[in-house]
Amino acid sequence: MALFEVSGFKPYSEVRAQILPFGQTRLVDRPNHYTFNTKTQEFAVPLGEDPSGFLKSCNHDGGVCIDLNHGTTTLAFKFRHGVIVAVDSRASAGNYLASKDANKVIEINSYLLGTMSGSAADCQHWERLLAKECRLYRLRNGHRISVAAASKLLSNMMLGYRGMGLSMGSMICGWDKQGPGLYYVDDNGTRFSGHMFSTGCGNSYAYGVVDSGYREDMTVEEAYELGRRGIVHATHRDAYSGGVVNMYHMREDGWIKVCKDDVSELIHRYKEGMF
Amino acid sequence: MLSAQGFGGPGKMKEYHYAGAVENRFSPYAFNGGTVLAVAGEDFAIVASDTRLSEGYSIHSRDSPKCYKLTDTTVIGCSGFHGDCLTLTKIIDARLKMYKHSNNKTMTSGAIAAMLSTILYSRRFFPYYVYNIIGGLDEEGKGAVYSFDPVGSYQRDTYKAGGSASAMLQPLLDNQSDSCQNAASQIGFKNMEGVQHLPLTQEKAVQLVKDVFISAAERDVYTGDALRVCVITKDGINEQTIPLRKD
């Protein structure tokens, strides 16, 4: 069609092929039966179907019910003494709680952390791939990757699969030559730098709590308490968040794990002080 | 003379049938039922499954266990759509052989779990409809259980139930193991870091698994017929079959 060629319109699949950073990922209808995904990464796609709506359309057909693990509240903020990262630990699959002690922070290296919210499989897979790319960068270039570059790698991976129904909201936190770094990356390819973010279905509750207590010159103990309160109040009001608060503190010499506290005990302690 | 209004075609009463468009879909999935359970002990692991294969209101087979032996120290339980279970176990077996031939060693349980996560994620947009649980011994000889969702999200657990009766079994296990933990904490044992193990002996753990499946067979239509229990210890894999309700 002449107009099609003259207008320079490229179908999204061609643009996708140029953006994909690792060049070799392909979409096929079934995986190769000789190499089984060991040589090049392949994704199987249902032919003739819109991938993002496909699973929903299969549900309720003869008892089929495919529910994937998701749901969360995570938060992170920068302050004078580094970055605080706090997450909950609930993974729900539909109405069933698949796990009450899921691990939603991936330790990429001793100076980089990634949080996970949205679909558990998407987050685990892409952040593990990001950890691999960060390690390769370190080996090839002799110095650690910056937080800005690591978050850019992740957001380009997300852009490559835009529109296919991935669900991931992640914060990349680290300490590099520019000081403490905090970036928000999501499945649309959005990438923001900032001093405070919260993601997941409980994020609005966490924002309310952290916004009201945040000061740039907090002490370390005050910052720990603020991160804890943010998650605890979000789990109290959001049905899809709960479990324990996992908290990390990113400092100049690397991250440390601060605590792993059960939210139902903490909420009683906080309510005591209220009335 | 036939009235044109009364007849809409051969044998069709025009007033009483739906005249709009109807969509008939082919579904690539089916639900074949079944429940799987895995428990990690101090130096053993148990993987158990029922043996009923159903579809809709029919039972296709009463002797179709859902535990598959992968290596001498690892067993996988797969429930959901039987076609995908079969293909998935074939692919895992092929990848295990490839690893053995390239690296001259057997894959460890943790490595199998990580590999299964990537195999499942390669079908992120057209998933295998299988709920997997891997049970085995880790490199230190301690029991390990890894549970998965259909697209590859996984984590290490102490115990996990999957499949049609999972929502009934999991709370029962939480209750039984928590009361064990409370009893143990009275002796001063508190385990905050690292992976916990059920402080049960192997005999008590096997008895717990049997009791729990008997309860599941009472209340879930897709679970029953027989129970296949695989106990994994450093001496190998021991299988037993126990009858359950057949109705």
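The values are calculated or read from the model by the stated rules, or taken from the named source; none is laboratory data. All values derive from a computational prediction rather than experimental measurement. Reconstructed Cβ throughout: ideal geometry from the backbone, glycine too, with neighbour counts over all protein chains shown.
Structure values in brief
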| item | result |
| --- | --- |
| Selection within the range A:187-208 - free of Cβ contacts under 8 Å to residues at least 40 places away in the same chain and either closer than 26 Å to A:GLY165 by Cβ or surrounded by 21 or more Cβ atoms within 10 Å (Cβ to Cβ) (or both) | A:ASN188, A:GLY189, A:THR190, A:PHE192, A:SER204 |
| Unmet criterion (only one of (1) in a loop (DSSP other than H, G, I, E, B); (2) in contact with a Gly (Cβ under 9 Å, 6 or more places away or on another chain)) for A:ASP217 | (2) |
| Cross-chain or 6+ apart pairs with Cβ under 9 Å, the range B:53-71 first and without any contact (Cβ under 8 Å) to a residue 60 or more places away in the chain and surrounded by 12 or more Cβ atoms within 10 Å (Cβ to Cβ), then among the hydroxyl-bearing types (Ser, Thr, Tyr) and assigned to a strand (DSSP E or B) | B:LEU53/B:SER61; B:HIS60/B:SER54; B:SER61/B:SER54 |
| Subset tally (residues that are under 17 Å from A:PHE43 (Cα atoms), more than 9 Å from chain A (Cβ to nearest Cβ) and out of contact with any helix residue (DSSP H, G or I) (no Cβ under 8 Å at 6 or more places or on another chain)) for the range B:115-139 | 0 |
| Pick from the range A:66-102, criterion more than 16 Å from A:VAL258 (Cα to Cα) and β-branched (Val, Ile, Thr), ranking: modelled with the lowest pLDDT | A:ILE66 |
| Out of B:TYR146, B:TYR128, sole residue that is modelled with pLDDT of 95 or more and of a type in the set (Phe, Trp, Tyr) | B:TYR146 |
| Close pairs (7 angstrom Cβ cut-off, 6 or more residues apart or separate chains): under 20 Å from A:GLN178 (Cβ atoms) in the range A:231-256, surrounded by fewer than 20 Cβ atoms within 10 Å (Cβ to Cβ) and polar (S, T, N, Q) anywhere | A:GLY254/A:SER110; A:TRP255/A:SER110 |
| Of all residues in the range A:85-117 being assigned to a strand (DSSP E or B) and within 11 Å of chain B (Cβ to nearest Cβ), the one that is nearest to the chain's Cα centre (by Cα) | A:ALA91 |
| Index of the failed condition, B:GLY33 passing every other in (1) surrounded by 24 or more Cβ atoms within 10 Å (Cβ to Cβ); (2) at the interface with chain A (Cβ under 10 Å from one of its Cβ atoms); (3) more than 16 Å from B:PHE213 (Cβ to Cβ) | (3) |
| Wholly within the range B:111-178, strands (runs of 3 or more DSSP E) carrying at least 1 residues that are surrounded by fewer than 24 Cβ atoms within 10 Å (Cβ to Cβ) | B:130-137, B:154-157 |
| Scope the range A:224-275; condition touching a Phe, Trp or Tyr at 6+ places or on another chain (Cβ under 8 Å), of a type in the set (A, V, I, L, M) and in a helix (DSSP H, G or I); matching residues | A:LEU226, A:VAL232, A:ALA234 |
| So B:THR74, is it surrounded by fewer than 24 Cβ atoms within 10 Å (Cβ to Cβ), away from chain A (no Cβ under 12 Å) and in contact with a Ser or Thr (Cβ under 6 Å, 6 or more places away or on another chain) | no |
